[in-house]
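Here is the structure we will look at.
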Amino acid sequence: IIPSSQTAGFKLVFSSFGLQNFKRLVTYKINDVHTFKFMVEAQVDPVKLELEKSQQVFSFSDTNMEMETSQMVTIKNSGNAPGQFYWAPDTRHERSHIGTSSG
């Protein structure tokens with residue numbers, strides 16, 4: 001019940017586990033007398049992750065005597081939802097290894 005000369009509100013949360021276009025009429029009643037309706041529309045799009053660089057060149061410096069080299073890979077998520085990733089190494093090169101495989 002909403003008292004006289006007062007305001008009230010409610011939170012509406014939409015979530016989805018799949019891509020879709022959503023459109024649904026929501027009906028609500030105030031003081032069990034006044035009925036109102038509004039349309040809820042949402043478009044669920046896939047998360048798009050982008051690499052800061054389109055190509056990473058791994059090389060050994062003249063002073064590096066180790067059997068490994070590394071570089072920082074930056075992944076950008078400009079969306080409004082978390083995005084997961086995983087690395088799939090090229091299995092044609094059996095001697096290669098990627099340290100971080102997912103995130």
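The values are calculated or read from the model by the stated rules, or taken from the named source; none is laboratory data. Please read these numbers as outputs of a predicted model, since none were measured by experiment. Backbone-built Cβ (ideal geometry, glycine too); neighbour counts: all protein chains shown. Note: areas computed on protein heavy atoms with side chains; ligands, DNA, RNA excluded. Shrake-Rupley method; radii C 1.70, N 1.55, O 1.52, S 1.80 Å.
Data for the structure
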quantity	calculated
First in the stretch 59-79 and under 30 Å from Val47 (Cα atoms), second anywhere and open to solvent by 100 Å² or more (accessible area, probe 1.4 Å) and of a type in the set (Phe, Trp, Tyr), Cβ under 9 Å, 6 or more apart	Ser70/Phe58; Gln71/Phe58
Residue in the stretch 76-83 that is at pLDDT 80 or above, small (Gly, Ala, Ser) and exposed (fewer than 10 other Cβ atoms within 10 Å of the Cβ) present	yes
Residues of the stretch 5-24 classified as of a type in the set (S, T, N, Q) and open to solvent by 100 Å² or more (accessible area, probe 1.4 Å), total	4
Leading residue by the ranking (nearest to Gln71 (Cα to Cα)) among those in the stretch 25-52 that are of a type in the set (Lys, Arg) and surrounded by fewer than 10 Cβ atoms within 10 Å (Cβ to Cβ)	Lys37
Any pair with Cβ under 9 angstrom, 6 or more apart, that starts in the stretch 29-56 at a residue that is more than 30 Å from Tyr86 (Cβ to Cβ) and ends at one that is polar (S, T, N, Q)	Lys29/Thr35; Thr35/Thr27; Phe36/Thr27; Lys37/Thr27; Phe38/Thr27; Glu41/Asn21
Some residue of the stretch 60-73 being under 24 Å from Gly18 (Cα atoms) and either surrounded by 10 or more Cβ atoms within 10 Å (Cβ to Cβ) or not hydrophobic (A, V, I, L, M, F, W, C) (or both)	no
